[in-house]
Amino acid sequence: MFNARPGRRGRRQSLCAAILALLLAPGPVAALEEDRAQPIRITADQALRDEKQGFTVYEGHVEMDQGSLHIEADKIIIFHKTDQADRIVAEGGPAKMQQQPEPDKGLVYAEAKVIEYLRKEERVLLRQNARIEQDGSTVTGDSIDYLIGEQLVRAQSGPEQDGERVQVVIPPERIEQDSGDRGETDSE
């Protein structure tokens, strides 16, 4: 039977999506423009490049830097069917990422067991025990999906997790700042 009114879960997800949009705009990995022009530097205990299959695997305390982007993981796989890295997958316990989104914004910190960046889709996926933080605001859940161009963030709890739900923490000063940034005026 179809229910015209959204359930509690649907309202919570809508509210969470609205809060996440405010919390993370302009969002992680929007990055400084000059970051993309910087070389990618990777250190690892070992590396394996497969030209035919189009990927390189780095393992053992892997660190990757590109401009303000810094990733630490147990393993990073870079898929490169073109000249550029098409897809980057970082795995760890947890894999960690930080980046400066804009010169006047705080660093974005993210962690999850799997962090996946899809360059063509301009999308970052954080899977398994995902957490993202900026300027004291945090979002945690089983997975966080961020569509960079759309500045859309979706956080979900795992269906099999008992009692584990998406959690959003917004410090009071951030709420006041966001409401002031919108320039709320009622003059007509």
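Taking residues in the stretch 143-154 that are more than 17 Å from residue 133 (Cβ to Cβ) and of a type in the set (Val, Ile, Thr), and partners anywhere that are buried (at least 19 other Cβ atoms within 10 Å of the Cβ) and modelled with pLDDT of 85 or more, the pairs with Cβ atoms closer than 8 Å and at least 6 places apart or on different chains are 148/124.
In this structure, residue 105 does satisfy being in contact (Cβ under 8 Å) with a residue 12 or more places away in the chain, surrounded by fewer than 18 Cβ atoms within 10 Å (Cβ to Cβ) and within 26 Å of residue 166 (Cβ to Cβ).
For the stretch 81-105, the candidate set comprises residues that are among the hydrophobic types (A, V, I, L, M, F, W, C) and touching a Lys or Arg at 6+ places or on another chain (Cβ under 9 Å); within that set, the residue that is nearest to residue 137 (Cα to Cα) is 95. Cβ-Cβ distances below 9 Å connect the following pairs, each with a first residue in the stretch 38-56 that is among the acidic types (Asp, Glu), a second residue that is surrounded by 10 or more Cβ atoms within 10 Å (Cβ to Cβ), and a separation of six or more residues or different chains: 45/58; 45/59; 45/60; 45/61; 45/62; 50/56; 50/57.
Is it the case that some residue within the stretch 88-102 is in a loop (DSSP other than H, G, I, E, B), at pLDDT below 90, touching a strand residue (DSSP E or B) at 6+ places or on another chain (Cβ under 8 Å) and under 30 Å from residue 173 (Cα atoms)?
Applying the first criterion (in a loop (DSSP other than H, G, I, E, B)) to the stretch 88-102 yields 100-102.
Within this subset, residues satisfying the condition of being at pLDDT below 90 are 100-102.
From what is left, the residues that are touching a strand residue (DSSP E or B) at 6+ places or on another chain (Cβ under 8 Å) are 100-101.
Going one step further and asking which of them are under 30 Å from residue 173 (Cα atoms), we end up with 100-101.
Within the stretch 88-102, one or more residues are in a loop (DSSP other than H, G, I, E, B), at pLDDT below 90, touching a strand residue (DSSP E or B) at 6+ places or on another chain (Cβ under 8 Å) and under 30 Å from residue 173 (Cα atoms).
Per the listing 43, 82, the residue uniquely in contact with a strand residue (DSSP E or B) (Cβ under 6 Å, 6 or more places away or on another chain) and either at negative phi or modelled with pLDDT of 90 or more (or both) is 43. Applying the criterion of at least 1 residues that are within 23 Å of residue 35 (Cβ to Cβ) and modelled with pLDDT of 85 or more to the strands (runs of 3 or more DSSP E) found wholly in the stretch 110-188 leaves 123-134, 137-147.
The values are calculated or read from the model by the stated rules, or taken from the named source; none is laboratory data. The model shown is predicted, which means the values in this text are computed figures rather than measured ones. All Cβ positions, glycine included, derive from the backbone under ideal geometry; neighbour counts span all protein chains shown.
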